[in-house]
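One structure below.
The values are calculated or read from the model by the stated rules, or taken from the named source; none is laboratory data. Since this is a predicted model, take the numbers as computed values, not measurements. All Cβ positions, even for glycine, are placed from backbone atoms using ideal geometry, and neighbour counts span all protein chains on display.
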Amino acid sequence: MPHVGSEIDANFYRLIHQMLEVRRDVGVQNRRCEERRQFVAAQRIAAWDGSRFPDPEQFVPVQCHDLTRRGFSFLISAEPRFSDLIVEFGVPPQSFHVGARVVRTVPVIRFPSGELRQANRFDDPAATIGPNGEQGVPMYLVGCRFTRRLHRPS
């Protein structure tokens with residue numbers, strides 16, 4: 001008889017694999033040793049203390065940027081003040097929750113075209129102007145590593 005925890009993990013990784021396959025046509029960015037796929041989708045996150053599951057109103061929408069089997073990244077307007085979070089993938093009642101840990105935060109300028117440019121400083125107005133004169137928005141690209149699959153308490 002298989003261990004329940006490993007069956008849950010297998011199901012989670014199967015779901016992530018399916019999400020990656022669905023977005024195969026969007027494009028591939030191989031910046032690291034594992035395959036990273038663009039994942040431009042709004043999902044919800046909540047800061048997590050590692051024990052108590054956040055209330056539904058504590059979840060906020062974020063724009064995801066990319067996805068791998070081990071983690072994901074998202075854009076947020078302010079530097080995160082948390083190191084652990086829960087991400088809700090999908091839409092209830094078909095959603096699932098995953099614990100994650102912030103491993104990297106990078107200041108970026110996001111342009112209307114979708115292009116991201118790493119920013120050294122947000123106080124330089126010239127840094128927010130794109131090559132075609134478009135106005136960019138200062139944001140943070142937050143890279144996270146998945147830690148475990150979670151279930152919302154009933």
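Structure above, values below:
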| read-out | value |
| --- | --- |
| Scope the range 128-150; condition touching a Gly at 6+ places or on another chain (Cβ under 9 Å) and closer than 20 Å to Ser113 by Cα; matching residues | Thr128, Ile129, Gly130, Gly136 |
| Test: residue in the range 91-99 that is surrounded by 12 or more Cβ atoms within 10 Å (Cβ to Cβ) and without any contact (Cβ under 8 Å) to a residue 40 or more places away in the chain | yes |
| Any hit, the range 18-40, residues being among the aliphatic types (A, V, I, L, M), in a loop (DSSP other than H, G, I, E, B), modelled with pLDDT of 80 or more and farther than 14 Å from Phe146 by Cβ | no |
| Arg52 being out of contact with any helix residue (DSSP H, G or I) (no Cβ under 7 Å at 6 or more places or on another chain) and basic (Lys, Arg) | yes |
| Residues that are touching a residue at least 12 places away in the same chain (Cβ under 8 Å), surrounded by fewer than 21 Cβ atoms within 10 Å (Cβ to Cβ) and over 12 Å from the mean Cα position of the chain (by Cα), drawn from the range 39-59 | Ala47, Asp49, Gly50, Phe53, Pro54, Gln58, Phe59 |
| Number of the exception - Leu141 against (1) surrounded by 12 or more Cβ atoms within 10 Å (Cβ to Cβ); (2) not in a strand (DSSP E or B); (3) not basic (Lys, Arg) | (2) |
| Candidate set: the range 100-121, residues that are over 30 Å from Asp55 (Cβ atoms) and surrounded by fewer than 15 Cβ atoms within 10 Å (Cβ to Cβ); chosen: the one modelled with the lowest pLDDT | Arg121 |
